[in-house]
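Every read-out reported here was derived from the displayed coordinates using simple, explicitly stated rules and does not represent laboratory data. For clarity, every value in this text was computed on a predicted model and none was experimentally measured. A quick note on method: Cβ atoms are made from the backbone with ideal geometry, for glycine too, and the neighbour counts reach across all protein chains shown.
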Amino acid sequence: MSPSVVERLGSAAMRHIEYIGGLAIQLQHACAALGRTLPLVGNRSRWRSAIQQMLTVGVDAFPMVGIMAVCAGFILAMQGASELRRLGAMQFVIDLVTIGFTRELGPLLTAIAVSGRSGSAFSAEIGSMVVTEEIDALRTMGIDPVEFVLAPKYLAALIVLPCLTILSTTCGILAGGAFMRLSTDMALGVYLRYVVRSIVLRDVMTGLVKSLAFATIIVHVGCLEGFRVRGGPDAVGRSATAAVVKSTFLVILADVGFTAVFYLTGGK
Amino acid sequence: MTGPAISVRDVVVTYSGRRVLDGINLDISRGETLVLLGGSGSGKSTLLRQIVGLERPQSGQIRVNGVDIAQCPPGELKKVRRSIGVAFQNSALFNSMSVEDNIALPLREHTRLAESTIRLMTWMKLAVVGLAEFGKLSPQALSGGMKKRAAVARALSLDPDILVFDEPSAGLDPIVAAELDELILGLKRAFSMTVVVVTHEMASAFRIADRMAMLYKGSLIAVGTKEELQSSPHPRIRQFFDRVPDQIADTAAIDKYFKKYLEGSSA
């Protein structure tokens, strides 16, 4: 192997390690600042901007996340039914949709939607603040940019992503119900009774734990990309793209990790 | 307090191996206006970023009101920052807030004053820079000169004793730039502040400076009064003051290239 290949591999590895290190430092910094963002005990204006973020990251994403989940629920039910029908096991479609959404699709679809909508917005907002010297201005005023800009977004995402996950899971399961009604004339009440029987608390909890992890990844990757903007407006555009690409990639990597851990510790 | 407001000792800054500041020594006394001159790439913006504590030097000391901001813990630095007001080149007003809220921000963050007091103080700062009736507007609605004045009002909001300007007249027409010069002079008279101005506008520099310092390739080549600098025989200073361009084209390289090209085509 020529030294240049080794060199290139080495420098790429160093870059990635450095990036992960940057994320870790930022995460630690943000967690320390999170306390000052909380209502009642923290700074009131931080809480107010966290609420603002909850509206833009969460409430405004409701329709998109809901429709995506309905579509995915329908797709899953149709694909499952086409196979299970041949085995005469149509009622397993209900388990498929219910378990699939609570454990996996609910959190993952939500994270992908939010990463596309808000991850890029975070990095573009912070990136343009870097370009226009607003971040420097904050620092010279003795205001910590991580506490002022990032912490409210992080708190908002930690609250809003689990909510959106519950919404998307519900939408997905209801879409499954609609499919069953159309294809087998199963009443919605009956369908829901089956659903309740196949929902396990553990599945719901693992889904919500995942959504907290995804929220962390989306906010921190988006904000880090923003803070690292150097140069002009083109750098802001590139950082927005990088934020979406990297956060989606890391969300899926983290999902594999979490699912493996839950699978191994599941013992069912 | 005694001693200089800002004292810079042997400051060295390197960016990826290149020395941007090379052993800078500079004292800025209380109540004086120091203009930092220099062409682009001379390191004047870097020196400014060091003085306001946005970056730390590789070596050397920067004392602001006696505190070494190159070494002090973050808590101490935060305190020092409250005594420095900075007006950035591009104003750096927060676009998501009204002009009023921009100026009130440092007060809301660092003091426990009642909202009514903050409003009054904000209004007063805006009145000082002549923007009293523009507080409710968003920064985008202001003209270039008004933005800069709003940035000055924000820099003043915590009543700093040091005021720092990065290129106050960049991108402004001569009349507005002159207004800004008068504003700086007026502020200095009214509040006896220490003022540091980075600029390459000679007219503005001569209007406001008590002393001037000239940076060239990361070193201070002259520090003195306007008269001292004006009568200096240093070739770089003469070039700067008399607006003599550098030789940009590398004629030797062009000759060589043509020669190679012609020889190459004939062979």
Notebook entry, point to check: Of B:Lys44/B:Lys226; B:Lys79/B:Lys217; A:Lys246/B:Lys44; B:Lys217/B:Lys260; B:Lys78/B:Lys188; A:Lys153/A:Lys210, which sit over 29 Å apart, Cα to Cα?
Noted result: B:Lys79/B:Lys217; A:Lys246/B:Lys44; B:Lys217/B:Lys260
Margin query: Spelling out what I want: for every residue of region A:49-60, take phi, set θ = phi - 60°, compute 6.51 cos²θ - 1.76 cosθ + 1.60 (Karplus), and round to whole Hz; glycine and proline get x.
Written below: 6, 5, 5, 4, 5, 4, 5, 6, 7, x, 4, 5
Next item on the list: List A:Met54, A:Met205 from most exposed to least, where exposure is judged by having the fewest other Cβ atoms within 10 Å.
Entry: A:Met205, A:Met54
Notebook entry, point to check: Nearest-5 percent of antiparallel DSSP beta bridges in the protein assembly as shown?
Noted result: 55 percent
Checklist line | Taking B:Asp210, B:Asp101 and counting other C-beta atoms within 10 Å, the order from fewest to most | finding: B:Asp210, B:Asp101
Next item on the list: Quick one: check the C-alpha center-to-center distance for region B:188-237 versus region A:1-21, whole angstrom.
Entry: 47 Å
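Once you keep just the Cα pairs under 8 angstrom separated by 6 or more residues, what percentage relative contact order results for chain A?
Numbers: 330 pairs, mean separation 79.6, N = 268.
With pairs under 8 Å counted, the relative contact order is 30 percent.
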Notebook entry, point to check: Using θ = phi - 60° and the Karplus curve 6.51 cos²θ - 1.76 cosθ + 1.60, what whole-Hz ³J(HN,Hα) does each residue of region A:205-221 get, with Gly and Pro shown as x?
Noted result: 5, 5, x, 6, 4, 4, 5, 5, 5, 5, 4, 4, 4, 4, 5, 6, 5
Check: Roughly what would the spin-label model give for A:Met14 and B:Arg56, points 7 Å off Cα along C-beta, in nm?
Finding: 2.2 nm
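Determine the relative contact order of chain B: mean sequence separation of Cα pairs under 8 Å and six or more apart, normalised by residue count, in whole percent.
Answer for chain B is 24 percent.
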Checklist line | Compactness of region B:17-175 as Cα Rg over 2.2 N^0.38 Å, two decimals | finding: 1.11
Next item on the list: Determine, for B:Thr33, A:Thr132, the number of other Cβ atoms within 10 Å of each Cβ, and report the residues in order from fewest to most.
Entry: A:Thr132, B:Thr33
Note to self: If you take each beta carbon of peptide A:128-138 and count the beta carbons of other chains within 10 angstrom, what is the mean?
What the structure shows: 6
Margin query: Quick check for you: which residues of region A:159-202 have the amide N under 11 Å from the point 7 Å beyond the Cα of A:Met64 toward its beta carbon?
Written below: none
Notebook entry, point to check: Sequence-distant or interchain residues sharing an amide H contact under 5 Å with B:Thr33, placed H: which?
Noted result: B:Val195, B:Asp210, B:Arg211
Note to self: Need one value for B:82-89: mean number of C-beta atoms belonging to other chains within 10 Å of its residues' C-beta atoms.
What the structure shows: 3
Notebook entry, point to check: In percent, what relative contact order does region B:24-81 have, based on Cα pairs under 8 Å that are 6 or more apart in sequence?
Noted result: 20 percent
Margin query: For B:Val20, what residues show an amide H to amide H distance below 5 Å, using hydrogens built from the backbone and excluding near sequence neighbours?
Written below: B:Val13, B:Thr14, B:Tyr15
Next item on the list: Starting at the first residue of region B:24-39, write each ³J(HN,Hα) from the Karplus equation 6.51 cos²θ - 1.76 cosθ + 1.60 with θ = phi - 60°, in whole Hz, x for Gly and Pro.
Entry: 7, 10, 7, 10, 10, 7, 5, x, 9, 9, 9, 9, 9, 9, x, x
Check: Of all trypsin sites (Lys or Arg not before Pro) in region A:43-142, which ones are in loop regions per DSSP and have a Cβ with at most 13 other Cβ atoms within 10 Å?
Finding: A:Arg85, A:Arg86
Check: According to the square roots a ≥ b ≥ c of the eigenvalues of the Cα gyration tensor, what is the shape class of region A:1-128, taking rounded for a/c under 1.5, prolate for a/b larger than b/c otherwise, and oblate for the remainder?
Finding: oblate
